[in-house]
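First comes the structure, then the notes that go with it.
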Amino acid sequence: MTLFSDLKLDPKVLQAVAEAGYQTPTPIQAEAIPHALEGRDVLGIAQTGTGKTASFTLPMITRLANGRARARMPRSLVLAPTRELAAQVAENFDTYTKHLKLTKALLIGGVSFKEQDALIDRGVDVLIATPGRLLDHFERGKLLLTGVQIMVVDEADRMLDMGFIPDIERIFQLTPFTRQTLFFSATMAPEIERITNTFLSNPARVEVARQATTSENIEQKLMHFTPSRRERAFGEKRALLRHLIRQEGDACTNAIVFCNRKMDVDVVAKSLKAHGFNAAPIHGDLEQSQRMKTLDAFREGELRVLVASDVAARGLDIPAVSHVFNFDLPSHAEDYVHRIGRTGRAGRHGKAFSISIPADEKYLTAIESLIKQPIPRGDVPENLFDDSPDRGDHRQPRSRERSRDRGDKREPRRDDRRAERTEEVVAAVEETRREEAPRREERAERPHRHEERRDDRREPRRDERRDRRDNGPSVLGLGDHVPEFLTRSFATVLRATEAAIQANADADEAESA
């Protein structure tokens, strides 16, 4: 069995490794470290949780132990896809360089440029950065990459997913051709393979596990159900998630819950907290200080449930995660492997539960095709959602018998009394109309005087004379038929309506008083 002491690392590095509690390297470490110490390019392919970070940090520290950094010219460069992973790599360097005088700088977003510039100006042996922030410093003229001796690209397939490949290619072109390159990835997409063929020189290929396979230490289970209604799916998934966490009991010491959307991360975290779970969200829209605070609380055991987007799916070294819950099946099948790889690390046993509905069928098919095995199905309790407060219409309707019994005893509501008063006013208006009907008919039959004089005075028009010759006497106005609405008087109706409005207002004011 290979030990760290057999890998020809610097004695001070071995001392730090022993103090950290490690004696036996993982397979990827045992195979990659000797090639890296020889100065060869390394292409490492291994699934999440196999210890890839130490595979490049330990040989880098050993090779950089002798030498001195110059201002604005780092001696080595580590590229990571996310701020959290970059910060984790920096913590590893702090752990393994405690007995060496090597300096480092962490260039990530959410931190002041001024503080980072001050570190670079003093000179650093190890520069750890995300691609975007690194190029920002370079374009501001604060950084030179011509002194890089060792370059590391960590989680290269995640870089591809996040659209960093053009930035990676540009950074490669800014570094010396004679550099040593250590390239690590969980999968080998065609684009990743193209980059390795372009920028790596005769690399030692180290592959310790079949690509896109899940660890045998992880017990997987799929909870599939059909929502009672489409709009209830989100609430019923939350109810099922709470059931699963409660069902695991004390065995679920801590857990990561993965959601596809940042908005859902916040909602699920709030829902868990409202039901008594110690939960907090983490995603890319949160402030960097808040994200690091949440991660630290989760690592230290102060936080039990971490609700995350895929920003936490890759590379985070939290070895003691007991459970992973996929609240949503990932849209990219590879992300399923990385998500559940957060548990079952370092030889521990882990559990991974995934929740799916019929709309996720295409994602489930892609995942099972990738991992080349079906995910075992679990049973969803039949009556789990009957009393769920997240269904949207969780309030129970009142029984008709109870409403009928109470209706005899309760006082009439304000709306009921107002309706009664309105009906009384309408009845009064109708009675007034009936009384005035004879007078309206009499006025309609009696012609106005000025119309009589005007008709006697004026000469008939040519059209009227033609009508008289052809069709008899002409018809003026509307003839014998007059629409009824023209004979109505609306003054009485308006007065009655105003009286009804005033009566309602007075009644409301009296009740309020």
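Where a number appears in this text, it was derived from the coordinates with a stated rule and is not lab data. This is a predicted model, so every value here is computed, not measured. Cβ placement follows ideal geometry from the backbone for every residue including glycine, while neighbour counts extend to all protein chains displayed.
The relative contact order of the range 218-371, computed from alpha carbon pairs under 8 Å that lie at least 6 residues apart in sequence, is 32 percent.
Put simply, when 126-138, 178-190, 290-302 are sorted by average Cβ atoms within 10 angstrom per residue, most first, you get 126-138, 178-190, 290-302.
List, in the order given, every pair from Lys8/Lys101; Lys237/Lys293; Lys8/Lys98; Lys12/Lys114 whose Cα-Cα distance in the structure shown is over 23 Å. Can you show the working numbers first?
Numbers: Lys8/Lys101 20 Å; Lys237/Lys293 28 Å; Lys8/Lys98 18 Å; Lys12/Lys114 33 Å.
Too far apart for the 23 Å limit: Lys237/Lys293; Lys12/Lys114.
Mind sorting Glu216, Glu231 by how few other Cβ atoms lie within 10 Å of their own Cβ, fewest first?
Exposure proxy ranking, most exposed first: Glu216, Glu231.
Rg and Dmax, both from the Cα atoms of the range 218-371 and both in Å, are 14.5, 42. Here Phe325, Phe225 are placed in order of increasing Cβ neighbour count within 10 Å, fewest first, which gives Phe225, Phe325. Volume per residue of the convex hull around the Cα atoms, evaluated for the range 4-207, comes out as 109 Å³.
Taking a ≥ b ≥ c as the square roots of the eigenvalues of the Cα gyration tensor of the range 145-210, is the shape rounded (a/c under 1.5), prolate (a/b larger than b/c) or oblate? It is oblate, given that a/c is not under 1.5 and a/b is not larger than b/c.
Net length available on complete extension from Thr253 to Arg170 is 25.5 nm, with 0.36 nm assigned per residue and the Cα-Cα distance removed.
With a 10 Å Cβ neighbour count serving as the proxy for reagent exposure, in which order, fewest first, do Asp386, Asp310 appear? Write out the running numbers ahead of the final one.
Numbers: Asp386 10, Asp310 22.
Fewest-to-most ranking of Asp386, Asp310: Asp386, Asp310.
Between Thr82, Thr95, Gly109, the Cα set farthest toward the positive side of the dipole of the range 81-122 (charges on each charged residue's Cβ, about the Cα centre) is that of Thr95. Ordering Thr181, Ile168, Val153 by Cα displacement along the dipole of the range 150-204 toward the positive end leaves Thr181 in first place; charges were set at the Cβ atoms of Lys, Arg (+1) and Asp, Glu (-1).
Report the extension gain between Glu498 and Thr198 in nm, rounded to one decimal, defined as 0.36 nm multiplied by the number of residues separating them, less their alpha carbon distance. It would help to have the intermediate numbers written out before the result.
On the way: separation 300, 0.36 × 300 = 108.00 nm, distance 8.69 nm.
Extra length from Glu498 to Thr198 when fully extended: 99.3 nm.
Using the Cβ-Cβ distance between Glu302 and Ala510 with R0 = 41 Å, the FRET efficiency computed as 1/(1 + (r/R0)^6) comes to roughly 0.10.
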